[in-house]
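The values are calculated or read from the model by the stated rules, or taken from the named source; none is laboratory data. Just so it is clear, the model here is predicted, and its values are computed rather than measured. Here Cβ is always computed from backbone atoms with ideal geometry, including for glycine, and neighbour counts include all displayed protein chains.
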Amino acid sequence: MQVPEKSPVSKKVQVPLIDLATQVATLRGEIMDALARVVDSQKFILGEEVQALEKRLAEYSGARYAIGCGSGSDALLLALLALDIGPGDEVLTVPFTFFATAGSISRVGARPVFCDVDPGTFNIDVAHAASVIEKHPKIKAIVPVHLFGGCADMDPLREIAAARGIHLIEDAAQAIGAEYKGQRAGSLGDIGCFSFYPTKNLGAFGDGGLCTTDDEGLAERMRALRIHGRTGTYYHEWIGVASRLDAMQAAVLGVKLRHLDDWSDRRAQNARLYAERFAECDIPVTVPRAAGYQNRHIFHQFVIRCAERDRLQQYLKSRGIGTEIYYPLSLHQQPCFADLGYSAGDFPVSEELAGTVLALPIHSDLEPRQIKYVVESIAGFYQDS
């Protein structure tokens, strides 16, 4: 193993996993003006502020329509409801993802069916998906996840969906602005689902979500479903939910959206700098690389893989470096999904990733010296091991 020759690790530096304070401080004046505008209008739920943001986000994502809602989890729920997915149906997705992907399927009464992920992209293994679908005739939709900011391989999934007459719902919660062969996340399936949780590349000051679609009928139905299925004042065609994007969040997001591409580009630059730094030392860490079809990866997370993940995480913590494990337990092993009948070993890649992945700081305000310090610290860990 080669580590830069006894080059001393830099003096302890604080490197937080997430730094929202710097971002907000830069935009504080604009954001306060936007919030004051909402306060003065006294229109706090949906309304013109949300409509303006929806129009901009539809254009940004390359979709005809955008429908704001209460959270990314609710976006998935609304998509499933709009497509009439419910009891007796099955929905294919992956077990290596945030809980809401499968949780939303269960919430509408459908059954999650899992397939494994690709070890390089962390996204759905298309070949495995195809074989699983052949064994499950009740599958009514596929929910690929664009995990960590890189798109899943969508062309073969679209072919599979078209051949079977099933729906394709993008879980793009972590991938706003990501591109697949030049096409934006959120415009690659029947419905795209986004999250504006504060730590996302485009984050609100609370919860928020969005659905995108090119289908006018689906758009109208999701607009109704987010307000209890209401199609007129106190007239309800469907049973929906209360999931409305509020004007305060829309105002904040409207300010931030102007800066989103710059922030995502800086994340990608940080990822390249990480890769360069890691290449300088021979240590047993796998560094993420975008697949050829992911021609714009927005690096919501920069996730390495290492066999000694837990010890490394503690070591980095002692050096002032923030990290996180996304995700420590594959969904098919979660207690609440025990009734699905899966066992350890059913999805070996997902299980291996759950035991080896570690997210490093990648936010847009990260400095080159901090990246150097993180990589030096990781090299130091292996040097001392």
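Numbers for the structure displayed
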read-out: Filter result (surrounded by 21 or more Cβ atoms within 10 Å (Cβ to Cβ), assigned to a loop (DSSP other than H, G, I, E, B) and small (Gly, Ala, Ser)) within segment 115-160; value: 150, 152
read-out: Residue tally, condition surrounded by fewer than 19 Cβ atoms within 10 Å (Cβ to Cβ), of a type in the set (A, V, I, L, M, F, W, C) and either on the phi > 0 side of the Ramachandran plot or not in a loop (DSSP other than H, G, I, E, B) (or both), over segment 235-259; value: 3
read-out: So residue 75, is it under 30 Å from residue 46 (Cα atoms) and touching a residue at least 60 places away in the same chain (Cβ under 8 Å); value: yes
read-out: Residues satisfying the stated conditions in segment 64-82, i.e. of a type in the set (A, V, I, L, M) and either assigned to a helix (DSSP H, G or I) or surrounded by fewer than 23 Cβ atoms within 10 Å (Cβ to Cβ) (or both); value: 75, 76, 77, 78, 79, 80, 81, 82
read-out: Residue within segment 340-357 that is over 27 Å from residue 106 (Cα atoms) and either assigned to a loop (DSSP other than H, G, I, E, B) or modelled with pLDDT of 95 or more (or both) present; value: yes
read-out: Condition broken by residue 361, with the remaining ones in (1) within 19 Å of residue 299 (Cα to Cα); (2) modelled with pLDDT under 95 satisfied; value: (2)
read-out: Residue in segment 252-270 that is out of contact with any helix residue (DSSP H, G or I) (no Cβ under 8 Å at 6 or more places or on another chain), closer than 30 Å to residue 384 by Cβ, at pLDDT 95 or above and small (Gly, Ala, Ser) present; value: no
read-out: Qualifying residue in segment 313-325 (condition: hydrophobic (A, V, I, L, M, F, W, C), touching a Ser or Thr at 6+ places or on another chain (Cβ under 7 Å) and more than 28 Å from residue 183 (Cα to Cα)); value: yes
read-out: Residues located in segment 358-385, provided they are of a type in the set (A, V, I, L, M) and not in a helix (DSSP H, G or I); value: 358, 359, 360, 362, 366
read-out: First in segment 287-305 and in a loop (DSSP other than H, G, I, E, B), second anywhere and at pLDDT 90 or above and of a type in the set (S, T, N, Q), Cβ under 6 Å, 6 or more apart; value: 291/121; 298/201; 298/264; 300/174; 300/201
read-out: Condition met for residue 277 (outside any loop (DSSP other than H, G, I, E, B), surrounded by fewer than 17 Cβ atoms within 10 Å (Cβ to Cβ) and either in contact (Cβ under 8 Å) with a residue 24 or more places away in the chain or not basic (Lys, Arg) (or both)); value: no
read-out: Within segment 98-114, tally of residues that are in a strand (DSSP E or B) and over 18 Å from residue 84 (Cα atoms); value: 1
read-out: Of all residues making up segment 94-122, the number that are of a type in the set (S, T, N, Q) and in contact with a strand residue (DSSP E or B) (Cβ under 6 Å, 6 or more places away or on another chain); value: 2
read-out: Residue tally, condition among the hydroxyl-bearing types (Ser, Thr, Tyr) and either under 30 Å from residue 33 (Cα atoms) or outside any loop (DSSP other than H, G, I, E, B) (or both), over segment 213-234; value: 2
read-out: Residue that is surrounded by the most Cβ atoms within 10 Å (Cβ to Cβ) [pool: residues in segment 203-234 that are β-branched (Val, Ile, Thr) and within 27 Å of residue 260 (Cβ to Cβ)]; value: 212
read-out: Filter pass, residue 294 being among the polar types (S, T, N, Q) and closer than 16 Å to residue 122 by Cβ; value: yes
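Rundown of residues vs (1) touching a Cys at 6+ places or on another chain (Cβ under 7 Å); (2) closer than 22 Å to residue 266 by Cβ; (3) free of Cβ contacts under 8 Å to residues at least 60 places away in the same chain, yes/no style:
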position: 137; (1), (2), (3): no, no, yes
position: 185; (1), (2), (3): yes, yes, no
position: 197; (1), (2), (3): no, yes, no
position: 210; (1), (2), (3): yes, no, no
position: 232; (1), (2), (3): no, no, yes
